[in-house]
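K.L.:
Following this message is one structure expressed as structure tokens.
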Amino acid sequence: MSETTERPPGALQLLFNGIVSENPVFRLALSLCPAVAVTTTVANGFILGVAVLAVQVLSSLTVAIARGVIHPRVRIPVYTIIIAVWVSAIDMTLAAFTPSLYAQVGLYIKLIVAFAIIISRLEVFASRQPLVPSFWDAVGMGLGFMIALMVIGALREVLGSGSFFGIVLFKTKPLLFFALPAGGFFSIALLMAFFNALERKLTGGTAKPAAGGHHG
Amino acid sequence: MSDLVHIDGAPRPKADPKVIAGIAMNLVLVCAVSAIVLGGVYVGTERYQREARLAGERSAVSGMLAFGEGAEVTEVRQYLDAPKREVRYLAKEYGNESAPTREFVFGLDGSLHASTAGAVASASGAAESAESANTAEPAGLEELGRLFVAKQGGALAGFVLEGESRGYKNRIRFFVALDSSLAVKGVRVLEHEEDPGLGAEIATPVFRAQFSGRTPDEIAALGVTRDPMPEDWHAALSAFASSTGGEAPAEWRTLMDRERTKPIYAVTGATISSRALTRGVKGTVDHFRRRWALLAPQLEGEGASR
């Protein structure tokens with residue numbers, strides 16, 4: 001707990017960090033499993049992204065507040081419980097008060113409990129930082145995840161179904177491969193390579209190699 | 001067991017009971033707080049969740065039957081009384097909480113044991129049914145699902161059957177609508193937890209429309225194939241699914257004659273979910289055919305005498 005010695009980064013820097021320099025999918029390579037399963041369309045990616053954003057922010061705030069009372073030896077199970085509580089509470093509340101919205105997002109909410117990105121932000125950031133920076137980190141990571149899912153979804157929907165956000169673009173026979181899970185991994189690899197190449201170009205080839213080898 | 005060692009060969013550190021107690025207390029505290037929060041949210045939302053579910057069912061039933069104002073819908077709930085080896089049916093006007101409940105009790109062999117219509121009721125049976133007819137939820141009985149019988153102008157017009165099947169992750173709850181000849185009018189998925197983008201596609205209009213128009217015999221013989229759906233059939237199904245009431249599109253009617261004996265085309269990458277819904281629809285329709293043969297004389301008999 002060394003946050004007293006160094007000033008926590010500012011809001012803008014944390015947002016940029018989550019969306020670009022440590023993007024959960026393209027840089028940290030976390031939560032690839034849901035990123036592949038769900039991103040057959042842009043709309044799917046958007047809905048899951050919003051759900052992750054909400055749970056990430058609420059869980060990070062809870063951990064940032066309660067970090068003093070959580071025993072460090074059992075912090076991971078406690079984080080899992082905190083995430084599960086928020087997911088279940090959101091699930092029940094949406095089912096009760098917004099049934100039409102719940103019909104669309106209910107499936108996505110229940111998937112979130114096991115997302116590596118959320119628990120890793122709790123461990124890496126919210127458990128060591130005060131409330132306000134934890135909030136901005138959670139918002140940045142949530143937005144970064146949502147944008148990544150929508151970019152993957154856009155590529156796969158255009159190539160795999162010939163449409164964008166449900167609007168039919170061209171009526172030729174689409175490449176079914178991109179709608180299938182294998183195509184999802186392929187799309188993520190293509191986009192990751194593209195963003196790495198872009199970064200190398202922008203920074204003049206001095207960028208450190210992209211992070212990788214994380215699991216989850 | 002003092003020679004226990006870590007995998008890397010280092011001696012196992014001595015556990016301090018105080019530390020263990022502290023950890024245990026910490027976990028107990030976290031779980032207790034979580035339980036209180038979840039319990040509070042559940043108590044606060046349970047009533048609204050149930051209302052939302054009932055409202056969704058009501059709109060599904062009226063949407064699937066697609067009848068006008070004059071339609072009269074009876075809700076029939078079915079319960080299994082295992083110790084007595086009896087099946088109980090509670091029939092009531094749908095959506096009218098104060099309507100009287102009629103009860104029919106059948107033995108497992110299909111013989112009528114009791115009926116509040118009074119025709120065959122034995123003395124003990126009648127007293128019992130009169131008692132339970134006033135309670136909304138009979139206690140200690142296993143619920144076997146519900147069905148809705150619709151009449152229009154006194155004539156039988158259609159049915160909606162509630163069904164359940166085990167999907168890829170959790171149960172799939174659905175409604176099957178039948179016309180008066182027991183052919184499938186439509187299938188609607190009410191609740192499921194299949195994966196978005198894969199198994200969840202079984203809830204899409206085109207996949208569900210594959211069941212429509214099939215007779216009970218064709219449903220009983222229905223299989224599932226992984227072959228891709230022919231493109232003309234896909235187009236016809238999506239035209240059928242978006243047609244609102246009235247006549248079915250001509251292209252669908254022509255192709256239906258080719259496809260009615262063919263299997264259901266599974267969702268790509270979601271054969272398990274596709275099979276689960278198909279199995280559920282088959283079971284529900286088959287069960288209803290046998291059930292209706294028993295129930296019809298009772299419900300009809302009363303309708304005629306009024």
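Taken together, the values in this text are just the output of simple stated rules run on the coordinates, not laboratory data. This one's a predicted model, so the numbers in the text were calculated from it and none came from an experiment. Backbone-built Cβ (ideal geometry, glycine too); neighbour counts: all protein chains shown.
K.L.:
Which GluC sites (Glu not before Pro) does segment B:218-303 hold that lie in a coil by DSSP with at most 12 other beta carbons within 10 Å?
P.N.:
Here the sparse-neighbourhood loop sites are B:Glu247.
K.L.:
Name the residue from A:Leu53, A:Tyr102, A:Gly184 whose Cα lies farthest towards the positive end of the charge dipole of chain A, charges +1 on Cβ of Lys and Arg and -1 on Cβ of Asp and Glu.
P.N.:
Value: A:Gly184.
K.L.:
Within segment B:55-97, which GluC sites (Glu not before Pro) sit in a loop by DSSP and count at most 15 neighbouring Cβ atoms inside 10 Å?
P.N.:
B:Glu69, B:Glu97
K.L.:
Any idea what diffusion coefficient segment A:19-68 gets from Stokes-Einstein, in µm²/s, Kirkwood Rh on alpha carbon pairs, 10 °C, 1.306 mPa s?
P.N.:
129
K.L.:
Right, something else. Can you tell me the orientation of helix A:99-111 relative to chain A, as the angle in degrees between its alpha-carbon axis and the longest Cα principal axis, to the nearest 10?
P.N.:
70
K.L.:
Out of residues 5 or more away from B:Ala114 or on other chains, whose amide H comes under 5 Å of its own, with H placed 1.01 Å from N in the peptide plane?
P.N.:
Answer set, sorted by chain and number: B:Val105.
K.L.:
Quick one: grab the alpha carbon gyration tensor of the protein assembly as shown, order the square roots of its eigenvalues as a ≥ b ≥ c, and give me rounded if a/c is under 1.5, else prolate or oblate depending on whether a/b is larger than b/c.
P.N.:
Here the protein assembly as shown falls in the oblate category.
K.L.:
Can you sort A:Met92, B:Met25 from fewest to most other Cβ atoms within 10 Å of each residue's own Cβ?
P.N.:
B:Met25, A:Met92
K.L.:
What is the ratio of the Cα radius of gyration of segment A:33-132 to 2.2 N^0.38 Å, with N the residue count, to two decimals?
P.N.:
1.12
K.L.:
With a ≥ b ≥ c taken as the square roots of the eigenvalues of the C-alpha gyration tensor of segment A:80-162, please select rounded if a/c is under 1.5 and otherwise prolate if a/b is larger than b/c or oblate if it is not?
P.N.:
Oblate, since a/c reaches 1.5 and b/c is not below a/b.
K.L.:
Can you sort A:Met141, B:Met229 so the residue with the fewest Cβ neighbours within 10 Å comes first?
P.N.:
Ascending Cβ contact count within 10 Å gives the list B:Met229, A:Met141.
K.L.:
Still on this model: In this model, which of A:Lys171/B:Lys262; A:Lys110/B:Lys84; B:Lys92/B:Lys282; B:Lys84/B:Lys262; B:Lys169/B:Lys282; A:Lys110/B:Lys14 are farther than 31 Å apart at the alpha-carbon?
P.N.:
A:Lys110/B:Lys84; B:Lys84/B:Lys262; A:Lys110/B:Lys14
K.L.:
Using a ≥ b ≥ c from the Cα gyration tensor of segment A:11-202 (square roots of the eigenvalues), is it rounded, prolate or oblate, where a/c under 1.5 gives rounded and otherwise the larger of a/b and b/c decides, a/b for prolate?
P.N.:
Taking the square roots of the gyration eigenvalues as a ≥ b ≥ c, segment A:11-202 is oblate.
K.L.:
How far, in degrees from 0 to 90, does helix A:75-97 lean away from the longest principal axis of the Cα atoms of chain A, to the nearest 10?
P.N.:
60
K.L.:
Whole number please: convex hull volume per residue of the Cα set in segment B:174-306, in Å³?
P.N.:
125
K.L.:
Of all beta bridges DSSP finds with both residues in the protein assembly as shown, what is the antiparallel percent, to the nearest 5?
P.N.:
On the way: 51 of 53 bridges.
Bridges in the protein assembly as shown are about 95 percent antiparallel.
K.L.:
If I fit a long axis through the Cα atoms of helix A:181-202 and take the longest principal axis of the Cα atoms of chain A, what angle between them do I get, 0 to 90°, rounded to 10?
P.N.:
Between the helix axis and the principal axis of chain A, the angle is about 70 degrees.
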